Each structure stands twice: as structure tokens, then as C-alpha cells.
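Colleague: I'd like to ask some things about the structure below.
The values are calculated or read from the model by the stated rules, or taken from the named source; none is laboratory data. All of these numbers come straight from a predicted model, not from anything done at the bench. A quick note on method: Cβ atoms are made from the backbone with ideal geometry, for glycine too, and the neighbour counts reach across all protein chains shown. Areas reflect the complete protein model, heavy atoms only, side chains present, ligands, DNA and RNA absent. Shrake-Rupley method; radii C 1.70, N 1.55, O 1.52, S 1.80 Å.
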Amino acid sequence: MAITLLVVLVQDIPLGSYLVRVERDRLATSLERDAFLLSGRARQLLETGGPAPGTVATAVRDYGRASGARVVVVDRAGTAVATSDDDQSATGASYLSRPEISAALAGQITSGQRHSDTLGFDLVYVTVPVLSGENITGAVRLTYPASVVEDRVSGQLRVMWAVAGTTVLLAGLLAYLMAGAVTGRIKRLQKATELLAEGNLATRTEEEQGPPELRTLARSFNQMADRLEHLLQQQRGFASDASHQLRTPLTGLRLRLENAVDAVGNDPDGARVMVADSLEETYRLQRIIDGLLLLSRADSRHVDREDVDLSDIARNRVEQWEALAEESGVRTVLDAVPEARVLAMPGAAEQIIDNLIDNALAVAPPDSEIRLVVRPDGASGAFELHVLDDGPGLSEEDRHRAFNRFWRGQSTSEGSGLGLAIVQQLAEASGAAASLEARPGAPGLDARVTFRAAPRP
């Protein structure tokens, strides 16, 4: 409203002054025109002298009644020969003392405003000479009370200021409605922010209300809340997983070390065995911690997926695992297409293959085979990675539960229970899908990961 009022004032104050000037100029022009018309009628009268004929006197009075102006016709001596007054008492009086009359008799056309001592108020006047050829035979003066002009101008100004006031009020009403809609939406966003700050992670706000800028802000707020909730859930999950999984090995490690301390003096060989067992337990703790950290990074990383050759990665990983597999009496075989360009999170394909081979080696019997297959999926255009083992396999229920964190198929397993959880998390981060299937017509499992094909250039 203040801005609108300022604009109106800047616009209307000069406009008001202009209207006053225009109205006065218009009135002066109108009076001057009428004065010349009346001077034309009075010319013959002033040329001949004597009293004004009835037609001239009547014309002067009629004009005065119609226009509201006072008309005075004087001869060359400045004596009134006709007026618009009803009583005609001023006829015969001298007007030569009036400066506008004197100027007109001298041949000047005058107009303006002056104070009348006789009447006691300001007058707006126009005086013109009456010409007969080149001779000045008299003058005609038309006057208005200045208040008449001011009333006309004031009327126009009142209309103008009424329009200006209405404009300001409408602007204020519109501003109130618009500000109410905006501030109401902002208050709801503020309330949602406060609830989120208090720990209410389920807080969300409407995304389809308000102007586009606030809708964009609401979407950004909801995305932030989703991300924050996800990160806090990850943090809580990590803390829960770590405390749950590390409690047992830490307790066992403490007991072994206490027993080793007690046995050092009496049974050195037994103490060495206990220390060796404790060292092995620390390795297991290290694997659990590494797995938890890897899962945490896979959960929280949002990176661009890169174009990698799955066949080349599988070939390289088989070469790295070949020596360890031979020590266990297990053969590794690769059956891969020459090239398989897929999209994956950086480093994800290598870690997926390592975890699947590690799991397969843990259950593969001696003199068996672990087979890696990389082939295209003709139906979807994707590429499939298969890690096939000859182990005991899993039931359908266990195959679904195997991707849960810390799940182990056998209670005696030395694994951390995180390998398949890591595989699934890395696969999801890469836009891939991981599953466990029974091998048809053969023992063991088919660990399958389907990668999206990289777009062709």
C-alpha cells in the first residue's frame, strides 16, 4: 500500500496542478471568446453613443444569467453603458480605475485574477477592447468569482483523489490477500521445519499449494526431510548392527585373553593356543567392521554410475581368486561374452564379484567348480552375472533371507553375515538387481546380478 500510495502521489500531485492550470486556461479562453462575441454586438452601440439599445442590453443580461459571469461594457471614456446586473445600477459608473479596463482601452487583451476591494473577494477576469476599424471605441469585461473556478477544479480533484484512494485500497486488499496466501504457506513450512528440528522425521509439507516458488521450496524441503530420515535410519541401523554383531566376538575375545593370562604361568602351550584363537577373533572383528563400513558407504553414496566392461572385470577377478581357490581344491571357470558394457557405481562390480566368489568358496566342497557366467539378457537388453557353486544350496525361504544383514545359513559359519547384504546394496546403488536361485538339475546356488546395459554412443 505504501508503494502504491507513493506512486499515486508522485503521479497525481503534478496531475492536480496541471488540472488547475488547464481549467483556468480553459475558462480564460472561453471568456475571451465570449468577450469578443459581445464586443462585436456592442461595437455599433459604442460607435453611435447614447444608451444601449434593448437588444444589446438583453444579450448582455442573458449571457450573464446563462454563464454566471458578470459582464460590463464601457465606452472609450471607461463609463459603463451596459451590464449584466438585473438592476442596471452600475450603468453610467466609471470603471477607468480598474487596471484591466484601462489596459483594454489602451488596446490590450488582459486576463488573470485579482482581488476586488469593492466586492471583497478575488475575481477571475477577461477584458477585450472593442474595435471599430483601427479605433478603440470601448471595452468588454467578463468576470467570475475565483471561488467558482476553484470549485470546478476542486470537483475534478475530488474525483481524481477518490480514484486514487480507491486504487490504494484495492492495492491494499489485493496485497493482503496475496500476502495472506504466501505467509500462510510460509508459516506451514515454518511449522514443518520446527517439527523436523524437534525430531519428527515423518514431517512433510504440501507440494501443490501456493505460487511456483513456494511449491519448489516445499519439494526441496520434502526431499531434504526424506534424505535426513534416510541418513538417520542408516546411522541408527549401523549403530544397531555394530552393537549387535560386535558384542559376542568382543565378549569371546575378552574371555580368551583372560584365560590366556591365567594360563601363561601354568600352561604356556594352552596360552599360545588361546592367544592364536584371540588373534583369529580379531580378524573376524576386522571383517565385520569392514563390512559394516562398506554397507554404510553404499547406503549413503549418491554418485554417477560409470560405463564398465563386466566381462573384463569378471576375467580380472577370477585371476585374482584362482590361487586361493586352488588351495581349497576348487576350480574357477569363466564363461563370458567378449564385452559387456554395463552401468555400475565405481568399484561396485569388483566388490560384488569378490563377495559372491568368497561366499561360494565357503560352501564349495573340494574338487568342485565355481563357474562365473557373463551373458546378455535378450529380453531386456541387460547383462547378467551368474556365480554358480556346487555347495549344499539353500531352501527357498533361506534364499530370500540370505540378503539380510548378519544372516548366516549355518551357525558354525565363520563369515560376518554381511557378504550378500553388501552385494544387494551395491547392486541397488548401481541400478542392478541381485537374487539367489536354485540350480536346476544340479546342487548348489546360482547367485545372479542383472546389470543395466550402458547406452551406446
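Colleague: Run the quick spin-label model on Arg65 and Asp335: label points 7 Å from Cα toward the beta carbon, then report their separation in nm to one decimal.
Modeller: Between Arg65 and Asp335, the label points sit 12.5 nm apart.
Colleague: Would you pull out the residues with amide H under 5 Å of Asp390's amide H, same chain only if 5 or more places away, H placed 1.01 Å from N?
Modeller: Amide H to amide H, under 5 Å and 5 or more residues apart or across chains, Asp390 pairs with Glu369.
Colleague: Tell me, what is the FRET efficiency for Gln286 and Lys191 to the nearest 0.05, using R0 = 35 angstrom and their Cβ-Cβ distance as r?
Modeller: The formula returns an efficiency of 0.15 here.
Colleague: Right, something else. Can you list the residues, at least 5 places off or on another chain, whose amide H is less than 5 Å from the amide H of Tyr95, using H built in the peptide plane?
Modeller: Under 5 Å from the amide H of Tyr95 lie the amide H atoms of Thr79, Ala80, each far enough along the sequence or on another chain.
Colleague: From Cα pairs below 8 angstrom and at least 6 apart in sequence, can you work out the relative contact order of the stretch 95-164, rounded to a whole percent?
Modeller: 24
Colleague: Shape verdict for the stretch 82-140, please, from the Cα gyration tensor: rounded (a/c under 1.5), prolate (a/b greater than b/c) or oblate.
Modeller: oblate
Colleague: Separate question: Considering Cα pairs under 8 angstrom that are at least six residues apart, work out the relative contact order of the stretch 1-152 and quote it in whole percent.
Modeller: The value is 23 percent.
Colleague: Taking square-rooted eigenvalues a ≥ b ≥ c of the alpha carbon gyration tensor, is the stretch 327-375 rounded, prolate or oblate, where a/c under 1.5 means rounded and, failing that, a/b exceeding b/c means prolate?
Modeller: oblate
Colleague: What full-extension length gain, to one decimal in nm, is calculated for Leu37 and Asp358 as 0.36 nm per residue of separation minus the Cα-Cα distance?
Modeller: Roughly 103.6 nm would be gained on extension.
Colleague: According to a simple spin-label model (label point 7 Å from Cα along Cα-to-Cβ), what is the distance in nm between Gln113 and Arg219?
Modeller: Here the modelled spin labels are 6.3 nm apart.
Colleague: How would Asp122, Asp117 rank on accessible area, largest to smallest, probe 1.4 Å?
Modeller: Listed by decreasing accessible area, they come as Asp117, Asp122.
Colleague: Towards the positive end of the charge dipole of the stretch 69-223, with charges on Cβ (+1 Lys, Arg; -1 Asp, Glu), say which of Ser97, Tyr125, Val140 has the farthest Cα.
Modeller: Farthest along the dipole direction, towards plus: Tyr125.
Colleague: Suppose R0 equals 56 Å; then what is the FRET efficiency for Asp312 and Met178 from their Cβ-Cβ distance, rounded to the nearest 0.05?
Modeller: Taking R0 as 56 Å, the efficiency between Asp312 and Met178 is 0.35.
Colleague: Just the accessible area for Arg76, please: 1.4 Å probe, Å², rounded to the nearest 10?
Modeller: Taking all protein chains as shown, Arg76 has close to 150 Å².
Colleague: If you don't mind, there's one more thing I want to ask. What are the ³J(HN,Hα) values, in whole Hz, obtained from phi via the Karplus relation 6.51 cos²θ - 1.76 cosθ + 1.60 with θ = phi - 60°, for each residue of the stretch 431-442 in sequence order, with x given for Gly and Pro?
Modeller: In residue order, the calculated couplings are x, 9, 10, 10, 7, 10, 10, 6, 7, x, x, 8 Hz.
Colleague: Projected onto the charge dipole of the stretch 301-356 (+1 at Lys/Arg Cβ, -1 at Asp/Glu Cβ, origin at the Cα centre), which of Leu310, Leu334, Leu356 gives the Cα projection farthest towards the positive end?
Modeller: Positive-most Cα among the choices belongs to Leu356.
Colleague: So how do Tyr18, Tyr144, Tyr176 rank on accessible area, 1.4 Å probe, biggest first, that is with the largest at the start?
Modeller: From most accessible down to least: Tyr176, Tyr18, Tyr144.
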